[in-house]
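Chemist: Quick one: this structure, given as structure tokens, is what I'll be asking you about.
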């Protein structure tokens, strides 16, 4: 990984940390400003969008949990490869870290 890519990744991480520090996310701010109810989780948002369907809420929660677990698994596998000295461990670990950060950014915008 080059210094430029590492610097860009660090900058994205800092921006995401700053975005997470806000009192409420973008969509919830807009909903509360318009007088609508806000959401505490992705499942609640999906339930409201799809007319109270419990299946949609369960599916949305399961998908976000799967993405988190897969990203954490990729990070752990990458670190394991780095420790063993195998090739591609750094890229795999970085992809897992960026997967977690990407999910955090997406949910931060929505929630």
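Chemist: Once both labels are modelled 7 Å past Cα along the beta-carbon direction, what's the residue 83-residue 50 spacing in nm?
Modeler: Going by the 7 Å Cα→Cβ label model, 3.8 nm.
Chemist: Beta carbons within 10 angstrom, averaged per residue: use that to sort the peptides 87-100, 57-70, highest first.
Modeler: Numbers: 87-100: 15.8, 57-70: 14.2.
Taking the mean over residues of other Cβ atoms within 10 Å, the ranking is 87-100, 57-70.
Chemist: Rounded to the nearest 0.05, what FRET efficiency is calculated for residue 38 and residue 105 with R0 set to 25 Å and r the Cβ-Cβ distance?
Modeler: Numbers: r = 19 Å, r/R0 = 0.76.
After rounding, the FRET efficiency stands at 0.85.
Chemist: Between residue 67 and residue 95, 0.36 nm times their residue separation minus their Cα-Cα distance comes to what?
Modeler: On the way: separation 28, 0.36 × 28 = 10.08 nm, distance 1.22 nm.
Between residue 67 and residue 95, full extension yields an extra 8.9 nm.
Only the coordinates and a few stated rules stand behind these numbers; no lab work does. For clarity, every value in this text was computed on a predicted model and none was experimentally measured. FYI the Cβ positions are ideal-geometry reconstructions off the backbone, even for glycines, and counts take in every protein chain you see.
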